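Trainee: So that we are looking at the same thing, I have put the structure below in structure tokens.
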Amino acid sequence: MPTPPGKKKRSKDKYAQRESSTLSVRGVRDSARSVTKFSELYGGGETGRLLAGPHNNDRKIERLLQRRHKKSVARGIGPDGVYRYGDHEWKVPGGVRQCLKKSLIWGQVVNQYPWAVVWSGNDGRRKRKLFATAGGAVHFIATQAQYHDRHAAIVSRVVGYDIPIQYVNRIPRPWRWCPYCMTARRFRRHKDNLKFSAERKEWSNEKNRYVWRSRTLAVLVCERCGCTNKDPRMRRSNQPWEKRVIKQGVRRVRRRRS
Ligand SMILES: [Zn+2]
């Protein structure tokens, strides 16, 4: 486990200040309800962590939040995928970087904290901290969480991400793509040995290709974020994928009958 270089500052560092910084887009301040902080945009929903009514259909607010996401992700991550801040370094997993390149979907825009960091504290207990930006979460892992737990990880709380194409069929068992961890994870059987029914892609020797079959499956749980294989994104990301060769000049590809 790496040791933290230098003394960690308890107070907000420069980055944290930027995370809660004031909005600086012209027009937002002019709106009827003057807003100066990101946190003031929220307060809707039962938890008060959803975008508040007056901003709900505001395209300017959405653009602003999309830009904040993009900037927060790009900041500090080098072309080698390592996030650097002062003497701190953290290698951002490839899958995470791929997923974070995408724009936020609406469910993430309206949520004040679409991201979380999970790690085990020094006492061995699982900890979780919520973040407004993915960049903030990466920064927290790099500067703090990784020194308590080198497996500290960022989790998407709102949406799952499909497996990026370059990892398809490349994840060896018992690892599987976890849509919320945005990386390969070990999945374990649920402690109560739960089962459920779903369609699974299986190889048929008779037809010499994959076919979908209804099966009773054991519930598998991601050991980090708690995502299960009941999630359709998780299942489709981990099905065997095939390449179909389409001859040149073919305009319409017929669907295969199963
Ligand atoms: Zn997970």
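Trainee: Every residue in the stretch 90-140 that is under 21 Å from residue 59 (Cα atoms) and of a type outside the set (A, V, I, L, M, F, W, C), please.
Mentor: Hits for the stretch 90-140 are 101, 102, 103, 107, 108, 111, 112, 113, 114, 133.
Trainee: Name the residues in the stretch 167-186 that are hydrophobic (A, V, I, L, M, F, W, C), touching a strand residue (DSSP E or B) at 6+ places or on another chain (Cβ under 8 Å) and surrounded by fewer than 24 Cβ atoms within 10 Å (Cβ to Cβ), would you?
Mentor: 171, 175, 184
Trainee: Could you figure out which of (1) surrounded by 15 or more Cβ atoms within 10 Å (Cβ to Cβ); (2) at positive phi isn't true of residue 221?
Mentor: (2)
Trainee: Determine the pairs where a residue that is in contact (Cβ under 8 Å) with a residue 24 or more places away in the chain, located within the stretch 155-181, has a partner that is more than 15 Å from the ligand (Cβ to nearest atom) and basic (Lys, Arg) with Cβ atoms under 9 Å apart, the partner being 6 or more residues away or on another chain.
Mentor: Partner pairs satisfying both residue conditions: 161/102; 162/236; 163/236.
Trainee: Restricting to strands (runs of 3 or more DSSP E) lying wholly in the stretch 107-209: which have 1 or more residues that are outside the structural domain of residue 48 (by TED's automatic domain parsing) and away from the ligand (no atom under 16 Å from the Cβ)?
Mentor: 195-204
Trainee: How about the stretch 69-102: which of its residues are farther than 18 Å from residue 144 by Cα, of a type in the set (Lys, Arg) and surrounded by fewer than 16 Cβ atoms within 10 Å (Cβ to Cβ)?
Mentor: If the condition is that a residue be farther than 18 Å from residue 144 by Cα, of a type in the set (Lys, Arg) and surrounded by fewer than 16 Cβ atoms within 10 Å (Cβ to Cβ), then 71, 101, 102 are the ones that fit.
Trainee: OK, next. What pairs come out if I take residues in the stretch 236-258 that are touching a residue at least 60 places away in the same chain (Cβ under 8 Å) and pair them with residues that are surrounded by 10 or more Cβ atoms within 10 Å (Cβ to Cβ) and of a type outside the set (S, T, N, Q) whose C-beta lies under 6 Å away, six or more apart or interchain?
Mentor: 237/162; 237/163; 237/177; 238/176; 238/177; 240/201; 241/168
Trainee: Mind listing just one residue for me: the one in the stretch 210-223 that is within 30 Å of residue 137 (Cα to Cα) and outside any loop (DSSP other than H, G, I, E, B) and, of those, farthest from the ligand (Cβ to nearest atom)? First the steps, then the outcome.
Mentor: Here is the first cut: in the stretch 210-223, the residues within 30 Å of residue 137 (Cα to Cα) are 219-223.
Then keep just the ones that are outside any loop (DSSP other than H, G, I, E, B); that gives 220-222.
Details: 220: 11, 221: 9, 222: 3 Å.
Applying the filter and picking the extreme gives 220.
Trainee: May I ask you to list the residues in the stretch 200-214 that are loosely packed, with under 14 Cβ neighbours inside 10 Å and within 20 Å of residue 232 (Cβ to Cβ)?
Mentor: 202, 212, 213, 214
The values are calculated or read from the model by the stated rules, or taken from the named source; none is laboratory data. Quick caveat: nothing in here was measured; it's all calculated off a predicted structure. Here the Cβ is made from the backbone with ideal geometry for all residues, glycine too, and neighbour counts use every protein chain on show.
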